[in-house]
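Trainee: Dumping the structure here so I can ask a few things about it.
The values are calculated or read from the model by the stated rules, or taken from the named source; none is laboratory data. Since the model is a prediction, treat every value here as computed from it, not as a measurement. Counting neighbours? That spans all protein chains shown, and the Cβs are built from the backbone with ideal geometry, glycine included. SASA here: full protein model, heavy atoms, side chains in, ligands and nucleic acids out. Shrake-Rupley method; radii C 1.70, N 1.55, O 1.52, S 1.80 Å.
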Amino acid sequence: ACTGIENIDEAITLLEQNNWDLVAAINGVIPQENGILQSEYGGETSQGPAYGPTSHSTASSSTPSSSSAFRHVVPSRQIVERQPRMLDFRVEYRDRNVDVVLEDSSTVGEIKHILENELQIPASKMLLKGWKTGDVDDSTVLKTLHLPKNNSLYVLTPDLPPSSSSHSGALQESLNQNFMLIVTHREVQREYNLNFSGSSTIQEVKRNVYDLTSIPVRHQLWEGWPPSATDDSMTLAASGVTFPCHRLTVGRRSSPVQTREQSEEQCTDVHMVSDSDGDDFEDATEFGVDDGEMFGVASSALRKSPMMPENAENEGDALLQFTAEFSSRYGDCHPVYFIGSLEAAFQEAFYGKARDRKLLAIYLHHDDSVLTNVFCSQMLCAESIVSYLSQNFITWAWDMTKEANRARFLTMCTRHFGSVVAQTIRTQKTDQFPLFLIIMGKRSSNEVLNVIQGNTTVDELMMRLMAAMEIFSAQQQEDIKDEDEREARENVKREQDEAYRISLEADRAKREAQEREIAEQFRLEQIRKEQEEEREAIRLSLEQSLPPEPKEESTESVSKLRIRTPSGEFFERRFLASSKLQVVFDFVASKGYPWEEYKLLGTFPRRDVTQLDPNKSLLEVKLYPQETLFLEAKE
């Protein structure tokens, strides 16, 4: 953000040249008049962008080694020529957003000129707010503000009041928006970035600040509240704090008794002091008066519905109430809690495919802990945490406030994680809650990677989640490799089994085809035998029905026929000339040549005897006194 260097290799090279001295490396690439260190002797004359509570001590305690590192990197500045740096601004005005991109050499007035054309509002009527540094006027050069690449600003037009209807709509919209309050703890010079919905009250802000600073509400001395914020029961949307961020300062009241002159002098700087008066409430806690009563609200009215019913029979129903109550307290931007039993959450996180597995995050809530409200609203509901959890974790929750629910979870914990983890949670004090357990599933057991207590920050929480994710990713890669190898082996086995099955089917089909062929051959053979038997029976019947062959010395006219078979054999027989031609056909059939299959041909002249009338005599068909005939198979 300071140097405009976006190339990581270039940045690492500069850091290595300066022995990883960040201050010296930054001074080596930005102009000296805008640098963190101005002189080569290490003295501090001006500050660049604020880097948090430690930036002042870091710059002021620069050692001679830092100075030498600064001198060492000067030549590299002559080599690295900075290109014009472009800055992105998202400017919000009522219900509109305008994106502006300018070089860092431009001025604030140029931004207003662009907005004048976009919003149709005179530049003289605009108040451009949201700068992270001090006073800014139209002639201020953006480069001198040391801005990051992406910036959010907003426009106020106090001289152009909206209509009552639009004001009501804007107030309703503000109730649904998130305000960032940058609260500086004056005594320790520490800043807290707190996110609140527009429907949160000033009283809730003060109570949250008490959790962070240990300054009771009645002892808090505030600076920065708008003049309209006169009642602690007002919502942030109606109080007049600037959106999206507003700076406040809080300190401890030095003395419970103040003179009128001191009070009047202090009111010139202090916009709003806690409604509680030190004279009246210095010892209020000794008389059982709590913070809620000091604001005119009964303590019973501040009690909220339990996060989870006591002795709930069904864990899914308990989680539904937990999610609904969590949303009502802290808004809809929160982790997506798994609705179901802990065993079902294990099943969802650990027992799918290796590529689909996730870590299991168990959030243990406790309403009696002073850290719970801040942890939930500022860390667990931070957009970065919510997004990271939704992408990489299955999040399951349980309320440990009630003793019955606490005992039930410890029983589940002993069953799933063992007695050591259960004892660790059992020994946690109330003020150490809430707890965030990171669980990784392994082949044989479930391992608790991390137990995060409620006294942490968003950055630390994110770092611990990312560290757990690194461990899980390494294990997941091994599981994916093992699963891929196992699937490859199973695929090979399936392919072998499929090939074996196909081979068996082919063998069975071949065997069945052979069996069918054998059966068909047997059937044809049976038919052939039956036909042969039938033909033999017919032949025998015809042979027996033939009249006896006449003798040569017979007195009757006799015709002698000589018949040649297709194979070249001859057989002869004598017939009475008066015998019918059918008798010759029956004789030929009795020799195995039925006239349906064979035709009987004469020689001179060549003729088909089988075409003649079988009832005529041999004499009539001129087969007398002798004739040679040929048998020929019909086509």
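Trainee: Can you pull the Kirkwood radius for the range 306-545, inverse mean 1/r over Cα pairs, to one decimal in Å?
Mentor: Result for the range 306-545 stands at 22.6 Å.
Trainee: Right, something else. Quick one: 3J(HN,Hα) in Hz for the range 109-115, Karplus 6.51/-1.76/1.60 with θ = phi - 60°, rounded, Gly and Pro as x.
Mentor: Per residue, the Karplus-derived 3J(HN,Hα) values read x, 5, 4, 4, 5, 5, 5 Hz.
Trainee: Follow-up. Run the reach check for LYS149 against lysines, Cα to Cα strictly under 18 Å, same-chain hits fewer than 8 apart removed. What comes back?
Mentor: Once the sequence-local lysines are set aside, what remains near LYS149 is LYS129, LYS132.
Trainee: Ok, one more. State the percentage of accessible surface on the range 174-252 attributable to carbon and sulfur atoms; use a 1.4 Å probe and exclude ligands, DNA and RNA.
Mentor: For the range 174-252, the apolar C and S fraction of the accessible surface comes to 48 percent.
Trainee: Using a cut-off of 13 Å between beta-carbons, work out the net charge of the residues near LYS493 (Lys and Arg +1, Asp and Glu -1, LYS493 not included).
Mentor: Summing Lys/Arg as +1 and Asp/Glu as -1 gives -2.
Trainee: Starting from the coordinates of the alpha-carbon atoms of the range 558-633, obtain the Kirkwood hydrodynamic radius over all distinct pairs and give the value in Å to one decimal.
Mentor: One over the average 1/r among Cα pairs gives 12.0 Å for the range 558-633.
Trainee: OK, next. What are the principal axis extents of the Cα atoms in the range 320-384, in Å, biggest first?
Mentor: The principal-axis extents, from largest down, are 39, 24, 20 Å.
Trainee: Hey, how many Å between the Cα centroid of the range 418-449 and the Cα centroid of the range 178-221?
Mentor: What the calculation gives is 31 Å, centre to centre.
Trainee: Another question about this same structure. Per residue, how much accessible surface does the range 86-156 expose to a 1.4 Å probe? Answer in Å², no decimals.
Mentor: Roughly 54 Å² per residue, with all protein chains present.
Trainee: So how do 109-118, 217-226, 542-551 stack up, highest first, on mean other-Cβ count within 10 Å?
Mentor: Sorting 109-118, 217-226, 542-551 by mean packing, highest first, produces 217-226, 109-118, 542-551.
Trainee: Could you rank the peptides 594-606, 198-210, 449-461, 512-524 by their average count of other C-beta atoms within 10 Å per residue, with the highest value first?
Mentor: Per-residue Cβ counts within 10 Å, averaged per peptide and sorted highest first, yield 198-210, 449-461, 594-606, 512-524.
Trainee: So, by mean Cβ neighbours within 10 angstrom, what's the order for 608-621, 5-18 with the highest one leading?
Mentor: 608-621, 5-18
Trainee: Here is a follow-up. Express in whole angstrom the spacing between the alpha-carbon centres of the range 556-635 and the range 107-131.
Mentor: 132 Å
Trainee: Using the C-alpha gyration tensor of the range 350-483, what are the square roots of 5 times its eigenvalues, in whole angstrom, with the largest one first?
Mentor: 25, 19, 11
Trainee: Amide H of ALA577 versus every other amide H placed in the peptide plane: which residues, excluding those fewer than 5 positions away on the same chain, fall under 5 Å?
Mentor: SER557, VAL558, SER559
Trainee: Which residues' amide hydrogens lie under 5 Å from the amide hydrogen of TRP225, considering only partners 5 or more residues apart or on another chain, with H built in the peptide plane?
Mentor: Residues meeting the amide H criterion: HIS271, MET272.
Trainee: Okay, moving on. For the range 306-545, what % of the accessible area comes from carbon and sulfur atoms, probe 1.4 Å?
Mentor: C and S fraction of accessible area: 50 percent.
Trainee: Counting Lys +1, Arg +1, Asp -1, Glu -1, what net charge surrounds ASP431 among other residues with beta carbon under 12 Å of its beta carbon?
Mentor: -1
Trainee: Now, a different point. Please give the per residue volume of the convex hull enclosing the alpha carbon atoms of the range 86-156, rounded to a whole number of Å³.
Mentor: With only Cα atoms used, the range 86-156 gives 78 Å³ per residue.
Trainee: How much accessible area per residue does the range 428-500 have, in Å², with a 1.4 Å probe?
Mentor: 60 Å²
Trainee: Return the long-range amide H neighbours of HIS366 (sequence gap of 5 or more, or a different chain), with a cut-off of under 5 Å between placed amide H atoms.
Mentor: MET400
Trainee: Leaving out ligands, DNA and RNA, what percent of the accessible area of the range 86-156 is carbon and sulfur, probe 1.4 Å?
Mentor: Carbon plus sulfur share of accessible area: 45 percent.
Trainee: May I ask for the Kirkwood hydrodynamic radius of the range 174-252, worked out over all distinct Cα pairs and given in angstroms to one decimal?
Mentor: By the Kirkwood definition, the hydrodynamic radius is 12.4 Å.
Trainee: Determine the distance separating the Cα centre of the range 507-550 from the Cα centre of the range 222-253; give it in Å without decimals.
Mentor: Each part reduced to its Cα centre gives a spacing of 116 Å.
Trainee: Tell me the net charge near PHE571. Cut-off is 9 Å between Cβ atoms, PHE571 excluded, with +1 for each Lys or Arg and -1 for each Asp or Glu.
Mentor: Here the count lands on +2.
Trainee: Which of the residue pairs LYS560/LYS616; LYS591/LYS616; LYS358/LYS402; LYS529/LYS616; LYS529/LYS551; LYS112/LYS143 have a Cα-Cα distance greater than 27 Å in the structure shown?
Mentor: Flagged as over cut-off: LYS358/LYS402; LYS529/LYS616; LYS529/LYS551.
Trainee: Still on this model: At 7 Å along the Cα-to-beta-carbon direction for both ASN491 and LEU540, put a label point, then send me their distance in nm to one decimal.
Mentor: 7.4 nm
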